[in-house]
Amino acid sequence: MPSATKVVDWYFDVISPYAYLALLKLDDTLPAGVEVRLRPLLFAGLLNHHGHKGPAEIPGKRTWTYQSCVWSAAQAGIPFRFPAAHPFNPIPYLRLCLAAGASAAATRTIFDALWTTGADPADPALVAALAERLGVAPAALDDPAIKQQLRSNGDDAIKAGVFGVPTLVIDGHLFWGVDGLPFAAAYLADPGLMTSAEMQKLATLPAAAQRTPR
């Protein structure tokens with residue numbers, strides 16, 4: 001008797017180059033029998049909730065992040081080109097993804113348009129062209145149900161403890177970033193990975209010092 005499909009949530013924002021790089025590795029990294037539910041959300045909402053700055057909001061980190069992504073893509077043989085401006089407003093693209101059913105094909109189409117062409121994400125013509133290609137009526141991007149779904153994805157992510165994108169949530173465990181994919185695959189192969197004494201103590205590990213906020 002075949003085993004049941006395991007459903008996991010992958011939270012992402014198209015603004016993240018790491019999300020694009022991770023998207024292309026999901027199928028090859030995770031084992032068979034796992035269904036990945038794609039959950040677009042607004043990364044800025046996570047930043048606001050946790051009081052974080054995004055990588056692009058710290059000048060030195062911004063440049064390093066961009067260079068690292070270009071290098072990583074080249075090493076993996078992944079087509080990659082930064083958009084004409086970054087950060088950009090991802091909301092139209094996130095809504096478009098949801099209006100297209102957040103399918104793997106639609107999500108890949110949107111990511112490819114943003115991260116392989118050098119196009120300007122602020123150009124309304126890009127959104128319009130993608131909507132036409134995906135068979136989505138432009139009015140759908142203003143549908144209250146789509147807007148609410150985007151907010152709900154963010155709320156669900158926050159409830160799950162998600163702090164960054166992309167993040168896989170599996171059985172309540174978080175696997176963050178591209179580097180988190182092999183860790184996620186290892187957990188799926190052996191859930192006991194998280195039950196060792198060393199893993200168990202980490203959630204209550206005391207802090208010996210704390211930085212005073214300025």
What 222 nm value per residue comes from the helices of the chain, counting each DSSP H run with n ≥ 4 as -39,500 (n - 2.57) and dividing by all residues, nearest 500 deg cm²/dmol? -14500 deg cm²/dmol
I'd like to know which of ALA32, PRO138, PHE183 lies farthest towards the positive end of the charge dipole of the chain, counting +1 on Cβ of Lys and Arg and -1 on Cβ of Asp and Glu. PHE183
Report the rotationally averaged projected area of the chain based on its alpha-carbon convex hull, in square nanometres. 14.7
Using +1 at the Cβ of each Lys and Arg and -1 at the Cβ of each Asp and Glu in the range 10-198, identify which of ALA56, THR116, PHE80 lies farthest towards the dipole's positive end. ALA56
For the chain, find the longest principal axis of its Cα atoms and tell me its angle to the long axis of helix 17-29, 0 to 90°, nearest 10. 70
With Cα atoms, 0 to 90° folded angle of helix 124-134 axis to the chain main axis: 80
Just check the range 37-78 against the gyration tensor rule for me: Cα atoms, a ≥ b ≥ c as the square roots of the eigenvalues, rounded for a/c under 1.5, and otherwise prolate or oblate depending on whether a/b exceeds b/c. oblate
Can you tell me the length gained on complete extension of the stretch VAL70 to ALA160, counting 0.36 nm per residue apart and subtracting the Cα distance? 29.4 nm
Could you give the dipole magnitude of the chain about its Cα centre, charging the beta-carbon of Lys and Arg +1 and that of Asp and Glu -1, in debye to the nearest 20? 520
Relative to the chain, whose Cα atoms define the longest principal axis, helix 144-160 and its Cα axis are tilted in degrees, nearest 10, by 20
Which FRET efficiency value, to the nearest 0.05, do you get for LYS201 and ARG62 by plugging their Cβ-Cβ distance into 1/(1 + (r/R0)^6) with R0 = 30 Å? 0.30
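Just so you know, all these numbers are worked out from the coordinates, no wet-lab data involved. Worth saying up front: this structure is predicted, and the values here are computed from it rather than measured. No Cβ is skipped: glycine too gets one built from the backbone with ideal geometry, and neighbour counts run over all protein chains shown.
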